[in-house]
Amino acid sequence: MVRSIHKYRFNYSFILFWFIFVTLFFLLIFSPNSSASTQVTLEWSPNSETDLAGYRVYSREEGQSYDYANPAWEGEETTCTIYDMDETKTYYFVVRAFDTEGFESDDSNEVCFEPGTTNNQPPISAAGPDQTVDEGQLVTLDGSNSTDPDDGIASYHWAQTGGAAVNLSDPNAQRPTFTASDVGDEGACLTFELTVIDHGGLESTDSCVVNVTWINEPPEANAGTDLTVDEGIVVTLDGSSSFDIDDGIASYLWTQISGQAVTLLDPTSSQPTFTTPDVGTEGASLNFNLVVTDAGGLQDTDSCIVNISWENQPPTAVVAEEYIEANQGTIVTLDGSNSTDPDDGIASYLWTQVDGDPVTLSDPTSNVTTFTAPESDQDGSNLTFQLTVKDAGGLQSTANCLVYITPEINEPPIANAGEDQVVYKDDVVILDGSRSSDPDGEIPSYQWTQISGTTVTLAGPTSVLPTFIAPDVGPVEETLTFRLTLTDTGGLQETDTCSVTVIPEAQTDNVAITSAMYSAAPKKLFIEAISDASAGSVTLTAFANYGMESVELGNLIYSTKTKVYSKTFRKVASALDTVTVTSSGGGSDTVQCIIK
């Protein structure tokens with residue numbers, strides 16, 4: 001069935017039968033040349049015959065026949081342009097292939113150009129949905145939903161049209177990426193425009209927005225130093241040393257968490273006040289908690305103690321070492337035994353952990369307590385402890401101790417892939433990584449990989465001594481390269497390489513014809529042969545023998561899949577007696593031809 005075509009650019013498929021069945025495709029592109037003429041461009045996929053000489057394109061008008069003596073075009077390319085056509089007429093086209101002996105194939109499918117067809121339709125650009133991402137995040141722009149109704153999208157191009165400049169991985173890719181930059185607390189808005197172009201040169205654009213949000217850091221509360229005051233005076237709590245590194249502190253909130261109740265004046269200020277109550281001879285200890293909130297809503301807390309005394313003097317909490325460094329897994333001792341009280345003595349001790357990975361204290365109510373240092377990352381970690389001592393009159397004092405857990409330093413392993421080797425085909429080769437070592441532990445992981453040369457199968461690629469069979473490398477020696485990757489218990493890696501050179505064995509060239517069959521009706525001769533020379537390394541030439549006369553037919557074709565040489569020769573004269581195949585390496589074989 002003849003299909004009508006569009007006037008400017010269209011795709012059609014033709015099937016061309018030539019020697020063996022080969023499917024060819026035509027792309028027809030029509031464009032006006034002048035007010036009364038046009039031109040057509042045809043494309044088809046190449047024929048796979050080895051003795052292909054070229055192609056001929058024939059045309060005819062409506063109601064006419066093809067003139068096979070006068071092709072409209074002839075050449076070796078798989079595309080041509082026919083000029084000066086009357087755009088008011090209907091034309092038909094076919095293509096034929098011809099070989100080096102002048103034989104020509106049958107017609108391909110016929111295509112038709114009819115006047116009055118429609119124009120190319122533009123593409124539709126789709127830049128993807130708007131996105132909201134965090135600073136430092138990898139962002140992917142996605143134009144994969146762009147479409148074109150007829151001739152397809154030929155190219156994509158992304159351009160940033162707003163916001164702080166970023167580096168796109170590939171502005172001409174369908175899905176480019178970039179890393180969102182750091183932004184302030186207000187965030188940032190980046191805009192991008194996608195332009196898609198179809199094969200006819202028509203364009204379409206679309207845009208998308210990427211909102212980059214700011215990652216807030218929490219504030220740090222500081223409720224000030226502990227105080228010792230008399231009853232009946234105005235006391236000012238001081239949280240003015242609290243700070244926030246990015247968006248600032250938005251609010252303060254003081255609450256009393258223990259002791260005789262008092263009234264705070266303006267508990268939402270950084271420095272509220274209250275009047276100390278009468279406490280009698282026993283004195284009192286009031287505990288206040290400060291919560292600071294930054295502009296992003298993150299919070300932190302700290303506390304302070306206000307000791308109210310009449311005659312009693314508060315104790316003094318003392319930690320023997322205010323800063324301790326310890327290795328992970330070791331026993332850490334916190335010592336508050338040097339704490340003192342000037343009058344009625346210390347009644348109790350209490351250790352609390354206020355920061356860091358939680359640990360278990362041996363006795364948090366003793367003046368000396370211990371714990372096991374937890375595991376740390378490569379940067380180390382900090383633990384903070386607070387000692388609260390209380391005297392017999394109920395007055396309190398606190399002191400802090402910072403413990404820094406040092407990271408375990410891991411040394412990388414030392415990879416040794418062994419000596420380079422020279423072997424022959426089919427030798428058993430042993431790769432040797434036994435001289436590898438690790439300065440601070442055992443090596444839990446070996447991984448051997450081949451990085452060059454003919455692919456082989458390693459037996460035990462995760463062992464110290466993997467093996468493989470040396471492959472057949474043909475007539476020329478070849479070097480195979482292997483990489484050993486070591487991974488220690490800390491995850492550090494080291495690599496080393498070694499090479500194995502495979503020496504080829506001496507070549508032979510025995511030729512054997514495995515099939516020689518002649519079909520009389522189509523005058524077709526099929527020949528198949530093998531050679532023990534290296535795969536595809538020799539040229540096998542076939543001859544048809546008619547008694548004393550011998551006719552050279554041509555070279556057989558080697559198949560890497562079946563490992564044989566074969567070819568079908570057409571238009572071969574009948575009544576041949578035998579077939580001979582000779583090799584460029586000197587081998588030869590002659591067999592009786594089977595006639596059917």
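The values are calculated or read from the model by the stated rules, or taken from the named source; none is laboratory data. Keep in mind it's a predicted model, so treat the numbers as computed, not measured. Neighbour counts run over all protein chains shown; Cβ positions are idealised from the backbone, glycine included. Note: accessible area is taken over every heavy atom of the protein model, side chains too, but ligands, DNA and RNA are not part of it. Shrake-Rupley method; radii C 1.70, N 1.55, O 1.52, S 1.80 Å.
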Review point. Where the accessible area of the chain is counted over protein heavy atoms with a 1.4 Å probe, how much of it, in %, is carbon and sulfur?
Key: 48 percent
Check your understanding: Near the amide H of Gly554, under 5 Å away, which other amide H atoms are found, from residues 5 or more places off or on another chain, if H is placed in the peptide plane?
Key -> Ala542
Revision key, fill the gap. Taking R0 as 25 Å and r as the Cβ-Cβ distance between Thr275 and Thr301, the FRET efficiency 1/(1 + (r/R0)^6), rounded to the nearest 0.05, comes to 0.50
Point to revise | Residue-wise HN-Hα coupling along segment 322-330, computed from phi with Karplus coefficients 6.51, -1.76, 1.60 (Hz; x: Gly, Pro) | key: 6, 9, 10, 10, 9, 7, 4, x, 8
Revision key, fill the gap. Dipole check, the chain, charges on Cβ (K,R +1; D,E -1), about Cα centroid: among Cys80, Val139, Asn338 the Cα furthest to the positive pole belongs to Cys80
**Study point:** Under the Debye formula (equal points on every Cα, no solvent term), log10 I(q)/I(0) of segment 423-466 at q = 0.28 Å⁻¹
**Key:** -1.15
Review point. PRE reach from Gln313 (point 7 Å along Cα→Cβ): which of segment 340-356 fall under 19 Å by backbone N?
Key: 340-348
Point to revise | Span from the segment 205-230 Cα centroid across to the segment 37-81 one, whole angstrom | key: 74 Å
Point to revise | Share antiparallel - DSSP beta bridges, the chain, percent rounded to 5 | key: 90 percent
Exercise for review: For segment 532-586, just the Cα set please: Rg and Dmax, both in angstrom.
Suggested key: 12.3, 36
Review point. So how much slack lies between Glu62 and Asp420, counting 0.36 nm per residue of separation and subtracting their Cα-Cα distance, in nm?
Key: 121.4 nm
Practice item. Post the alpha-carbon centroid distance, segment 454-492 to segment 272-290, in whole angstrom. Key: 77 Å
Exercise for review: Could I have the simple spin-label model distance between Ala320 and Leu402, label points 7 Å from Cα toward Cβ, reported in nm to one decimal?
Suggested key: 2.1 nm
Revision key, fill the gap. Computed for segment 329-424: size of charge dipole around the Cα centre, +1 on C-beta of each Lys and Arg, -1 on C-beta of each Asp and Glu, debye to nearest 20, value 340 debye
Revision key, fill the gap. With a Förster distance of 41 angstrom and the Cβ-Cβ distance between Asn70 and Ser584, calculated FRET efficiency to the nearest 0.05 equals 0.40
Point to revise | J(HN,Hα) series, segment 545-550, from Karplus relation 6.51 cos²θ - 1.76 cosθ + 1.60, nearest Hz, glycine and proline x | key: 9, 10, x, 7, 8, 10
Exercise for review: Match the structure shown to one of the listed values (i) 60; (ii) 26; (iii) 67 of percent of Cα pairs over 46 Å apart, computed from it, and give that label.
Suggested key: (i)
Review point. Shape of segment 273-353 from its Cα gyration tensor (a ≥ b ≥ c, root eigenvalues): rounded if a/c is under 1.5, otherwise prolate when a/b > b/c, or oblate?
Key: oblate
Study note, to complete from the structure: Here the FRET efficiency for Thr454 versus Ser550, based on Cβ atoms and R0 = 41 Å and rounded to 0.05, is 0.55
Exercise for review: Quick one: how many lysine pairs does the chain have with C-alpha atoms less than 16 Å apart and a gap of 8 or more or different chains? Give me the count, please.
Suggested key: 8
Revision key, fill the gap. Given backbone amide H placed at 1.01 Å from N, residues whose amide H is under 5 Å from that of Gly54, ignoring those fewer than 5 places away on the same chain, are Phe98
Exercise for review: Report the full-extension gain for the segment Asp86 to Asp357: residue separation times 0.36 nm, less the Cα-Cα distance, to one decimal in nm.
Suggested key: 88.9 nm
Review point. Which of Tyr68, Val111, Phe482 sits closest to the plus end of the dipole of the chain, meaning its Cα is farthest towards the positive end, when Lys and Arg get +1 and Asp and Glu get -1 on the C-beta?
Key: Tyr68
Check your understanding: Across segment 509-526, in residue order, what do the Karplus-derived ³J(HN,Hα) couplings come to in whole Hz, using 6.51 cos²θ - 1.76 cosθ + 1.60 with θ = phi - 60° and x for Gly and Pro?
Key -> 8, 8, 9, 9, 7, 9, 7, 8, 10, 10, 9, 6, 4, x, 6, 10, 10, 10
Review point. What are the residues whose amide H is under 5 Å from the amide H of Lys567, where those residues sit 5 or more places off or on another chain and H is modelled from the backbone?
Key: Ile527, Ile557
Check your understanding: Using +1 on the beta carbon of Lys and Arg, -1 on that of Asp and Glu, and nothing else charged, what's the dipole of segment 487-588 about the Cα centre, debye to 20?
Key -> 880 debye
Review point. Tally Lys/Arg at +1 and Asp/Glu at -1 over every other residue whose Cβ is under 12 Å from the Cβ of Ala180; what's the total?
Key: -3
Practice item. Kindly identify segment 121-262 as rounded, prolate or oblate by the Cα gyration tensor criterion: order the square roots of the eigenvalues as a ≥ b ≥ c, call it rounded if a/c is under 1.5, otherwise compare a/b with b/c, prolate if a/b is larger, else oblate. Key: prolate
Check your understanding: What dipole magnitude, in Debye to the nearest 20, does the chain give about its Cα centre under +1 on Lys/Arg Cβ and -1 on Asp/Glu Cβ?
Key -> 4180 debye
Practice item. Can you find, among Ile503, Asn416, Leu465, the residue farthest towards the positive end of the dipole of segment 410-537? Put +1 on the C-beta of Lys and Arg, -1 on that of Asp and Glu. Key: Ile503
Review point. Can you give the alpha-carbon Rg of segment 267-403 over 2.2 N^0.38 Å, where N counts its residues?
Key: 1.22
